[in-house]
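K.L.:
Have a look at the structure that comes next, please.
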Amino acid sequence: PLLLVFSVLIVPALFVRDSVASSTLLFVDFPLFCAATLSMLSFYAVSQRAVRGNWTSQFFLIPAVMAVGIGLSVNNTLAVIGALTKRPAKFVRTPKYGVVQPGDQWLTKSYRSSSLAQPMVEVLLGFYFTAALIYAALAGFFVTLPFFFLFQSGFLYAGFQSLLQQRRWSSFFLRTQIAGD
């Protein structure tokens, strides 16, 4: 939930930058940047070292892993809210392939989810960061561009992948129904 709140608030923070002195930003931004970035890099490096042994060969994947983690923040926020309100909920990011009959095979089926709301929120957040990228580039905030790109690509990836898989499932389901009639 904090990552999602951060995602929404980071763009309005760009507007505050124009009215604050550069020395103040350096005093606040640099320690926060180092704490956030170095902790993430060390977390992924240690995990890859534990899993693979040779963590340096996987180091270039860290931005992609970070983007996917950002993209999952909407789903994770909904899960946390569900847990806090003690509503029973299933984890909808786990692929649901519709394997119901004894002869069904998951390899011939695509992921399906019952709701379009969550992927649409993710896509809208992706477009939000697309606008933020454009604004930051035009305003000369070039240091923020890689970070905004991580947020943009993470949200767009999560949202469009869900929408694409839902579309595939729907077309497969319709073909199965027509062939069965």
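The values are calculated or read from the model by the stated rules, or taken from the named source; none is laboratory data. Everything numeric in this text was worked out from a predicted model, so none of it was measured. As a convention, Cβ positions derive from the backbone with ideal geometry for all residues, glycine included, and neighbour counts pool all protein chains shown. These area figures cover heavy atoms from the full protein model, side chains too; ligands, DNA and RNA do not enter into them. Shrake-Rupley method; radii C 1.70, N 1.55, O 1.52, S 1.80 Å.
K.L.:
Name the one entry in T24, T56 that is farther than 18 Å from F151 by Cβ and at pLDDT 75 or above.
P.N.:
T56
K.L.:
Would you check which residues across the range 4-21 are modelled with pLDDT under 75 and not charged (D, E, K, R) and list them?
P.N.:
Going residue by residue through the range 4-21, those that are modelled with pLDDT under 75 are 17-21.
Those that are modelled with pLDDT under 75 and not charged (D, E, K, R): S19, V20, A21.
Residue-wise test of (1) more than 18 Å from S73 (Cβ to Cβ); (2) open to solvent by less than 80 Å² (accessible area, probe 1.4 Å); (3) at pLDDT below 75.
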{"residue": "V92", "(1), (2), (3)": "no, yes, yes"}
{"residue": "K96", "(1), (2), (3)": "yes, yes, yes"}
{"residue": "V99", "(1), (2), (3)": "yes, yes, yes"}
{"residue": "T108", "(1), (2), (3)": "yes, no, yes"}
{"residue": "S115", "(1), (2), (3)": "no, yes, yes"}
{"residue": "Q118", "(1), (2), (3)": "no, yes, no"}
{"residue": "F142", "(1), (2), (3)": "yes, no, no"}
{"residue": "L150", "(1), (2), (3)": "no, yes, no"}
{"residue": "G154", "(1), (2), (3)": "no, yes, no"}
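K.L.:
Any residue in the range 67-82 that is loosely packed, with under 13 Cβ neighbours inside 10 Å, at pLDDT 80 or above and not hydrophobic (A, V, I, L, M, F, W, C)?
P.N.:
no
K.L.:
Further question on the same structure: Out of (1) loosely packed, with under 13 Cβ neighbours inside 10 Å; (2) modelled with pLDDT of 80 or more, the odd one out for A64 is which?
P.N.:
Exception for A64: condition (1).
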